[in-house]
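Working notes, structure below.
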Amino acid sequence: MKELTDEQLKILAQLEQKQAERDAIPESQKIPISNPDKYTFPIGIPDIVTLCPYCLGIIDEQELTCLACNRNIKNDAPIEMTVAEYNNARQVDCPFCKKSKLGLAKVCPSCGK
Ligand SMILES: [Zn+2]
Ligand SMILES: [Zn+2]
């Protein structure tokens, strides 16, 4: 086996120290990741939300109907936006129920009109 260079030994020592620091954290103080799917995006790729094509409510692609407007979401392609786009999207007041909805939404997620 080849001797490790000083640089490699230094990195190895740092990694071992980091691991020891992590191991020193009591189990009760470790923060569990409640939604692992959210953390599977490679670094640098923005988080994408999948939206109902009608009311633009956030949907789960496994579902057949939108939980907000109850429409069948399998007939139309869902809309994808980054979280930043979604958060910055213009909000308007629904003319029927007066609750706010995304300006681009064809259907109000609150009243379904
Ligand atoms: Zn919907
Ligand atoms: Zn409404």
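The values are calculated or read from the model by the stated rules, or taken from the named source; none is laboratory data. The shown structure was predicted, so the numbers you read here are calculated from the model rather than taken from an experiment. Cβ sites come from the backbone with ideal geometry, for glycine too, and all protein chains shown count toward neighbours.
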Query - Exclusive hit being in contact with a Phe, Trp or Tyr (Cβ under 8 Å, 6 or more places away or on another chain), more than 10 Å from ligand 1 (Cβ to nearest atom) and modelled with pLDDT of 85 or more, set VAL49, VAL92, VAL107 - result: VAL49
Query raised in the report: Out of segment 85-101, which residues are more than 14 Å from ligand 2 (Cβ to nearest atom) and surrounded by 11 or more Cβ atoms within 10 Å (Cβ to Cβ)?
Result: GLU85, TYR86, ALA89
Report task. Being surrounded by 12 or more Cβ atoms within 10 Å (Cβ to Cβ) and basic (Lys, Arg) is the filter here, so list the residues in segment 50-84 that pass it. Result -> ARG71
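Looking at segment 70-84, is at least one residue within 16 Å of ligand 2 (Cβ to nearest atom), part of a loop (DSSP other than H, G, I, E, B) and out of contact with any helix residue (DSSP H, G or I) (no Cβ under 6 Å at 6 or more places or on another chain)? Outline the logic, then answer.
At the first step, the residues of segment 70-84 found to be within 16 Å of ligand 2 (Cβ to nearest atom) are 70-71.
This time we only want the ones that are part of a loop (DSSP other than H, G, I, E, B), so: 70-71.
With out of contact with any helix residue (DSSP H, G or I) (no Cβ under 6 Å at 6 or more places or on another chain) added as a condition, the list becomes 70-71.
Within segment 70-84, one or more residues are within 16 Å of ligand 2 (Cβ to nearest atom), part of a loop (DSSP other than H, G, I, E, B) and out of contact with any helix residue (DSSP H, G or I) (no Cβ under 6 Å at 6 or more places or on another chain).
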**Report entry** Single residue of GLN62, GLN19 found to be under 20 Å from the mean Cα position of the chain (by Cα) and either away from ligand 2 (no atom under 16 Å from the Cβ) or at pLDDT below 90 (or both)
**Finding:** GLN62
